[in-house]
Amino acid sequence: MSDFIATWAATPLAILKWVLLGLLLTSSGIWNNTRLAIGLGLGLALVGVGALFKIEHWVFGDQLLIGGALAVAIAYSLWFRTKSQRELLDYLKLAWVLAAMSAVVAMSLFRPWLKPLASIAEALFWAVALLFVYQRWIRRPAPDSE
């Protein structure tokens with residue numbers, strides 16, 4: 001019974017995470033840079049296919065996961081490097097991407113490190129999401145004093 005309750009309690013949180021992730025992705029400027037967007041998209045696709053291969057215990061699942069994680073980390077790091085103005089949210093997003101991709105690599109190579117890295121990535125995701133929501137919708141610009 002407790003598994004049933006835990007599953008239903010986690011479902012709204014998972015939906016919220018996917019919605020916030022979608023908002024973060026669609027508002028990002030990385031999609032304006034075609035080369036980096038292709039690298040990021042290819043990396044995400046490789047991670048997805050690698051996860052499927054790993055779940056099904058097919059050959060090359062680990063290699064696809066590692067290659068996809070490296071592609072995502074490199075593409076996002078290059079985009080971060082080319083960005084002219086960096087704010088706290090940009091640094092948090094970079095840390096989150098690197099932690100999440102490190103967790104993906106740990107899934108294949110260093111199983112004992114998976115839980116700590118995934119926990120760090122989870123904490124960074126929520127920091128990014130909360131700061132993003134605050135900056136985008138909650139914080140109001142100061143009115144002009146005349």
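The values are calculated or read from the model by the stated rules, or taken from the named source; none is laboratory data. All values reported here derive from a predicted model rather than from experimental measurement. With ideal geometry, Cβ positions are generated from the backbone for all residues, glycine too; neighbour counts draw on all protein chains shown.
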Can you find a residue in segment 110-118 that is crowded, with 17+ Cβ neighbours inside 10 Å and either among the hydroxyl-bearing types (Ser, Thr, Tyr) or touching a Gly at 6+ places or on another chain (Cβ under 8 Å) (or both)? no
Within segment 90-97, is there a residue that is at pLDDT below 95, part of a helix (DSSP H, G or I) and farther than 21 Å from Leu131 by Cα? no
Can you work out which of the residues in segment 15-71 that are at pLDDT 90 or above, within 30 Å of Trp137 (Cβ to Cβ) and among the aliphatic types (A, V, I, L, M) is surrounded by the fewest Cβ atoms within 10 Å (Cβ to Cβ)? Leu44
Please verify whether Glu87 is within 21 Å of Ile30 (Cα to Cα), at pLDDT below 95 and not hydrophobic (A, V, I, L, M, F, W, C), treating the condition exactly as stated. yes
Is it true that Arg81 is over 16 Å from the mean Cα position of the chain (by Cα), among the basic types (Lys, Arg), under 22 Å from Ala127 (Cα atoms) and assigned to a helix (DSSP H, G or I)? yes
Checklist (1) β-branched (Val, Ile, Thr); (2) at pLDDT 90 or above; (3) buried (at least 16 other Cβ atoms within 10 Å of the Cβ) applied to Ile74, failing item: (3)
